[in-house]
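Below is one structure; the comments refer to it alone.
Read-outs: derived from the displayed coordinates by stated rules, not from any lab. None of the values given here were measured: they were computed from a predicted structure. Note: ideal-geometry Cβ built from the backbone for every residue, glycine included; neighbour counts use all protein chains shown.
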Amino acid sequence: MMGTGTSQQMFFPVSEFDLSGTIDGGQAFRWHAVEDGKAYRGVVGGSVLEVRSASGGLDVAVVAGDGADESRVRTYLGLDDDLEALRAKYADDPGLGPALSGYLGLRLLKQDPWECLCGFICSATSNIPRIKLNMGSMASTYGERIGPGEADFAFPGPEAVASAGEQAARDLAWGFRARYLEGAAVAVATGKFVLEGLLDMSYEEARNALVTLDGIGPKIADCVLAFSLRKGEAFPVDRWVRRAMEEWYGASEKMSNDAIGQMARDRFGDDAAYAQQYLFHRQRLAARAAG
């Protein structure tokens, strides 16, 4: 049901926050630029939020749906993460040092694990615009409308996705990913797989559990662990991150992605997830600038 009443306004004092890089850079897939890119609108839980940079911090407005708890929004946006300490720690690192100093305010989101899992199931052999389209159509077809905007829908829970079934996802252009989405939804809806339970596991235990789900490989598992389940050791390896590890850390072209991930964990420890995001961002933007 759509919420009514006045808009809830929040201000978070924060010295640095890369708005587009953080919420529209490949971690989450249901944020959309508004006001010519000056703000982003998205749904977190049962709240429709608009986030914009402001002098000395970040303005967040709840524009529809339920009221939002400030601590939950703060956690979601990664505002308590100490980027200055991270920058100082890796100032002399050949790859991460320049990335941390060159791209200020890029933060890791702490998303809802179920929506994050669906987003990265959807990401297999896809791209961000198409993932956004697939995730948006799933929400608007099977989720609850909570605001007047065309994307103002809560993401459907595992029960709703399981009930809809594989063919429903195929009808929404999920392709081969539809089977894996249904399998995950059934596992979570029936309690066979408890996503929130991964929070209390070690990184290795949580990763090993996730890859038991059909269609969930190490990269998808690491994305979910990094962007929703707060596992700092997670290091998703894609082509951009491979190139970064080869260019700055001497990784061999013959190394497997798993071996590169372990190399990163050995080097960065609990900072691996942040290292991955900054290295990914630096490598991708450098390639874009080169044309």
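For this structure, a couple of remarks:
- Look at the alpha carbon pairs under 8 Å that are at least 6 residues apart: their mean separation over the length of segment 8-79 gives a relative contact order of 33 percent.
- Segment 1-135: C-alpha gyration tensor shape, a/c 1.5 cut-off, then a/b vs b/c: oblate
- Percentage of interatomic Cα-Cα distances in the chain larger than 34 Å: 19
- For segment 223-291, the set of trypsin sites (Lys or Arg not before Pro) satisfying both a DSSP loop assignment and a count of at most 12 other C-beta atoms within 10 Å is given as LYS254.
- Farthest positive-ward along the chain dipole, Cα basis, beta-carbon charges - from HIS32, PHE17, ALA209: HIS32
- Virtual spin-label span in nm between LEU104 and GLU16, 7 Å along Cα→Cβ: 0.7
- Were the residues from ALA289 through ARG72 laid out at 0.36 nm apart, the gain over their Cα-Cα distance would be 74.6 nm.
- Per residue Cα convex hull volume in Å³ - calculated over segment 8-79: 82
- Applying a DSSP loop filter and a limit of 12 other Cβ atoms within 10 Å to the trypsin sites (Lys or Arg not before Pro) in segment 5-88 leaves LYS38.
- Largest GNM mean-square fluctuation among VAL241, VAL62, VAL14, using the chain with Cα springs under 10 Å: VAL14.
- Overall dimensions of segment 113-227, expressed as equivalent-ellipsoid semi-axes from the Cα gyration tensor (√(5λ), whole Å, largest first), are 23, 15, 14.
- Among the GluC sites (Glu not before Pro) within segment 1-108, those in coil by DSSP and having at most 15 neighbouring Cβ atoms inside 10 Å are GLU16, GLU35.
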